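The values are calculated or read from the model by the stated rules, or taken from the named source; none is laboratory data. All values derive from a computational prediction rather than experimental measurement. Reconstructed Cβ throughout: ideal geometry from the backbone, glycine too, with neighbour counts over all protein chains shown. When the accessible area is computed, the model is the full protein with side chains, heavy atoms only, and any ligands, DNA or RNA have been set aside. Shrake-Rupley method; radii C 1.70, N 1.55, O 1.52, S 1.80 Å.
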Amino acid sequence: MIPQWLSSLEEEDISFIRRFLLASGSLKEMARQYQVSYPTVRLRLDRLIQKIQAAEEADRDPYVALVKNLAIQDKLDFDTAKILITQYKQMKKE
(Lines give C-alpha, C1' and ligand atoms only; values in the text may rest on other atoms or scores of the structure.)
Protein backbone atom coordinates (compact mmCIF):
# COMPACT_ATOMS: atom_id res chain seq x y z
CA MET A 1 0.00 0.00 0.00
CA ILE A 2 1.32 3.46 -0.92
CA PRO A 3 1.19 5.95 1.97
CA GLN A 4 -1.15 8.92 1.50
CA TRP A 5 1.68 11.44 1.85
CA LEU A 6 3.60 9.77 -0.98
CA SER A 7 0.63 9.68 -3.33
CA SER A 8 0.08 13.41 -2.74
CA LEU A 9 3.52 14.31 -4.14
CA GLU A 10 4.18 15.35 -7.71
CA GLU A 11 6.33 13.22 -9.99
CA GLU A 12 9.13 15.81 -9.76
CA ASP A 13 9.13 15.51 -5.95
CA ILE A 14 9.35 11.72 -6.12
CA SER A 15 12.24 12.00 -8.57
CA PHE A 16 14.02 14.35 -6.16
CA ILE A 17 13.54 11.85 -3.30
CA ARG A 18 14.90 9.02 -5.47
CA ARG A 19 17.98 11.03 -6.46
CA PHE A 20 18.47 12.09 -2.84
CA LEU A 21 18.46 8.47 -1.67
CA LEU A 22 20.82 7.38 -4.45
CA ALA A 23 23.15 10.22 -3.42
CA SER A 24 23.14 8.78 0.12
CA GLY A 25 21.44 11.92 1.41
CA SER A 26 24.29 14.18 0.31
CA LEU A 27 23.00 17.67 -0.39
CA LYS A 28 26.38 18.55 -1.90
CA GLU A 29 26.00 15.72 -4.39
CA MET A 30 22.44 16.80 -5.15
CA ALA A 31 23.64 20.35 -5.80
CA ARG A 32 26.23 18.98 -8.19
CA GLN A 33 23.68 16.81 -10.02
CA TYR A 34 21.15 19.62 -10.37
CA GLN A 35 23.92 22.16 -11.08
CA VAL A 36 22.61 24.56 -8.43
CA SER A 37 23.94 25.89 -5.15
CA TYR A 38 23.77 23.98 -1.87
CA PRO A 39 21.27 26.50 -0.38
CA THR A 40 18.98 25.96 -3.38
CA VAL A 41 18.94 22.19 -2.79
CA ARG A 42 18.43 22.75 0.95
CA LEU A 43 15.42 24.99 0.22
CA ARG A 44 13.98 22.37 -2.14
CA LEU A 45 14.38 19.69 0.54
CA ASP A 46 12.79 21.93 3.19
CA ARG A 47 9.77 22.56 0.94
CA LEU A 48 9.44 18.86 0.24
CA ILE A 49 9.47 18.16 3.98
CA GLN A 50 6.75 20.79 4.42
CA LYS A 51 4.66 19.17 1.67
CA ILE A 52 4.91 15.79 3.38
CA GLN A 53 3.98 17.26 6.75
CA ALA A 54 1.02 19.08 5.20
CA ALA A 55 -0.15 15.89 3.50
CA GLU A 56 -0.05 14.05 6.81
CA GLU A 57 -1.99 16.86 8.45
CA ALA A 58 -4.62 16.73 5.69
CA ASP A 59 -5.97 13.58 7.30
CA ARG A 60 -6.47 15.44 10.58
CA ASP A 61 -7.71 18.78 9.25
CA PRO A 62 -8.19 19.40 5.51
CA TYR A 63 -8.62 23.19 5.88
CA VAL A 64 -5.32 23.66 7.73
CA ALA A 65 -3.59 21.42 5.18
CA LEU A 66 -5.02 23.48 2.32
CA VAL A 67 -3.79 26.76 3.80
CA LYS A 68 -0.34 25.29 4.46
CA ASN A 69 -0.12 23.91 0.93
CA LEU A 70 -1.01 27.30 -0.52
CA ALA A 71 1.80 28.86 1.52
CA ILE A 72 4.28 26.15 0.51
CA GLN A 73 3.42 26.76 -3.16
CA ASP A 74 3.91 30.54 -2.71
CA LYS A 75 0.25 31.19 -3.52
CA LEU A 76 -0.24 32.65 -0.04
CA ASP A 77 2.35 34.31 2.18
CA PHE A 78 3.26 32.57 5.44
CA ASP A 79 2.08 35.42 7.69
CA THR A 80 -1.38 35.33 6.13
CA ALA A 81 -1.44 31.53 6.39
CA LYS A 82 -0.64 31.74 10.10
CA ILE A 83 -3.43 34.27 10.65
CA LEU A 84 -5.97 32.12 8.78
CA ILE A 85 -4.99 28.97 10.67
CA THR A 86 -5.03 30.73 14.05
CA GLN A 87 -8.46 32.25 13.41
CA TYR A 88 -9.82 28.94 12.13
CA LYS A 89 -8.60 27.08 15.22
CA GLN A 90 -10.10 29.73 17.51
CA MET A 91 -13.45 29.44 15.71
CA LYS A 92 -13.39 25.64 16.10
CA LYS A 93 -12.91 25.98 19.85
CA GLU A 94 -15.97 28.23 20.20
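Summing +1 for each Lys or Arg and -1 for each Asp or Glu, what net charge is found among the other residues whose Cβ lies under 15 Å from the Cβ of Arg18? List each step's numbers first, then the result.
Working: positive: Arg19, Arg44; negative: Glu10, Glu11, Glu12, Asp13, Glu29.
It works out to a net charge of -3.
Between Gln90 and Arg32, the C-beta separation translates, for a Förster distance of 41 Å, into a calculated FRET efficiency of about 0.30. Surface calculation, 1.4 Å probe, protein heavy atoms: Ile2 sits at approximately 120 Å² accessible. Considering helices alone, the calculated mean residue ellipticity of the chain at 222 nm is -24000 deg cm²/dmol, with DSSP H runs of length four and up weighted by -39500 (n - 2.57) and normalised per residue. Nearest 10 degrees, 0 to 90: what angle lies between the long axis of helix 11-22 and the longest principal axis of the chain (Cα atoms)? Tilt of helix 11-22: around 50 degrees. This structure gives Cα extents along the principal axes in Å, computed directly, and of [x] 51, 34, 17; [y] 68, 20, 18; [z] 69, 33, 28 that value is listed as [x].
Taking a point 7 Å from the Cα of Arg47 along the Cα-to-Cβ direction, the residues of region 72-90 with backbone N closer than 14 Å to it are 72-78. Looking at the chain, the accessible area is 73 square angstrom per residue; that uses a 1.4 Å probe and ignores ligands, DNA and RNA. Overall, the accessible surface of the chain at a probe of 1.4 angstrom is composed of carbon and sulfur to the extent of 55 percent.
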